[in-house]
Every structure is written in C-alpha cells, then in structure tokens.
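Let me begin by presenting the structure, written as structure tokens, before commenting on it.
Bear in mind these aren't lab numbers, they're just calculated from the coordinates by the rules spelled out. Just so we're clear, the structure is a prediction, and the values are computed from it rather than from any experiment. We place every Cβ from the backbone using ideal geometry, glycine too, and count neighbours over all the protein chains shown.
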Amino acid sequence: MAKKPTLSPGNITPDSGQYEIVGPRGGRTGRERTSTEGHPLPPTPQRGQGYILVDRTRH
C-alpha cells in the first residue's frame, strides 16, 4: 500500500474534504479537520504534525 503524502499546516488545500491529523512519523491521531479547496490548512495542536486526506468531499 502506498503511503499518503502528508500536508503541512498553512499549505493550500488541494481537495475539499476531511483531513486527519497525523504525527511526525505518520501515526494517526483520530482527529479530523474539514478544509475547502484553495484555502490554507489550519494549525495543528502540536508541532511536527501534519494532515492526510481521508474523505474527499463529493460535489
């Protein structure tokens, strides 16, 4: 299985949907944030965390 790319807080959201917060080594936290395409991803609770897309929005 291919590893999903991790996005950093502040990056422009490539696709609208639910993004899960992951740790610096890719560990899943179970916490998600909703972000819309073209807007920056919100800050994470801890330094070194990032985001992976888990559920793309269907228009």
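The residue among SER16, PRO43, GLY30 whose Cα reaches farthest toward the positive pole of the charge dipole of region 1-44, with charges on the beta-carbon of Lys, Arg, Asp and Glu, is GLY30.
Extension gain, LYS4 to ARG25, is 6.3 nm, computed as 0.36 nm per intervening residue step minus the present C-alpha separation. Could you tell me which trypsin sites (Lys or Arg not before Pro) in the chain are loop residues by DSSP with no more than 14 other beta carbons within 10 angstrom of their beta carbon? Loop-located and lightly packed - LYS3, ARG25, ARG47, ARG58. Size of the chain: Rg and Dmax of its alpha carbons, in Å, are 10.6, 33. With a simple spin-label model that places each label point 7 Å from the Cα along the Cα-to-Cβ direction, the separation between ARG33 and ARG56 comes to 2.2 nm. Per-residue extension of 0.36 nm, minus the Cα-Cα distance of GLN46 and ASP15, leaves a gain of 8.8 nm for this segment. Within region 5-40, the GluC sites (Glu not before Pro) that combine a DSSP coil assignment with at most 16 other C-beta atoms in a 10 angstrom radius are GLU37.
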